[in-house]
Amino acid sequence: MASKLISQSRNRGSYAVEMALVMPVLLILVFGIIEVGLLFNSVVLLKSGAREGCRSAAIGASTAEIAEKAQSACTSLSSSPTITSWYRGAGETEWSLLTDTTQGEQTVNAAPAGSEVRVTLQYDHTLVASNLFPTLGESGVLTLQSSIVMRRE
């Protein structure tokens, strides 16, 4: 009977040691999966926002409307992304900042028909498990960016 109690006590000790060795690896793996999922969600939302903003720019919406459309597609992000709109004429190599112009009573963007418009969204994603992954981002923040280019109608 005494030898059986000693054997059970040794097993309990080995279980505790095994758990102490395996638990940190499992926690890093679980938090890594969560972090990658959150990063993927942010990237998908940024791409969606850039696409919506660029669609608006392609049909001639004003810069305020472009920003509004892009922002409305990114409502699930914890903070607002930075939105910039650019255009370049046919045959040009340099991008110019998109501005507004007035046509009658309507405000539209100044990109000429046939030119390319680009909408870029930039977002600072805060890492949930920044203490576990210090090499991913300075001070626990990764800067994500998404750009979409379309032809202006």
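No lab work stands behind these numbers, since they all come straight from the coordinates. What you are looking at is a predicted structure, and each value in this text was computed from that prediction instead of being measured. Because the Cβ atoms are built from the backbone with ideal geometry, glycine has one as well, and the counts that use them run over all protein chains shown.
Annotations for the structure displayed:
- Gained length - residue 78 relative to residue 110, 0.36 nm times residue gap less alpha-carbon distance: 8.4 nm
- Reported label for calculated mean projected area of the Cα convex hull in nm² given (i) 9.1; (ii) 8.7; (iii) 12.8: (iii)
- Highest-fluctuation residue, 117, 43, 25 considered, GNM on the chain with Cα pairs under 10 Å: 25
- Helix 63-72 vs. the chain, principal-axis angle (Cα, 0 to 90°, nearest 10): 30 degrees
- Relative contact order [Cα under 8 Å, 6+ residues apart], the chain, whole percent: 24 percent
- Cα-projected label distance for residue 19 with residue 135, points at 7 Å along beta-carbon direction, nm: 3.1 nm
- Restriction of the GluC sites (Glu not before Pro) in the range 11-103 to DSSP coil positions whose beta-carbon has at most 12 other beta-carbons within 10 angstrom yields 92, 94.
- Using Cβ point charges alone (K and R +1, D and E -1), the dipole size of the range 2-151 about the Cα centre works out to roughly 860 debye.
- Of 128, 53, 78, farthest towards positive along the dipole that unit charges on Lys, Arg, Asp, Glu beta carbons give the chain: 128
- Gain upon complete extension [residue 26, residue 153; 0.36 nm per residue less C-alpha separation]: 40.5 nm
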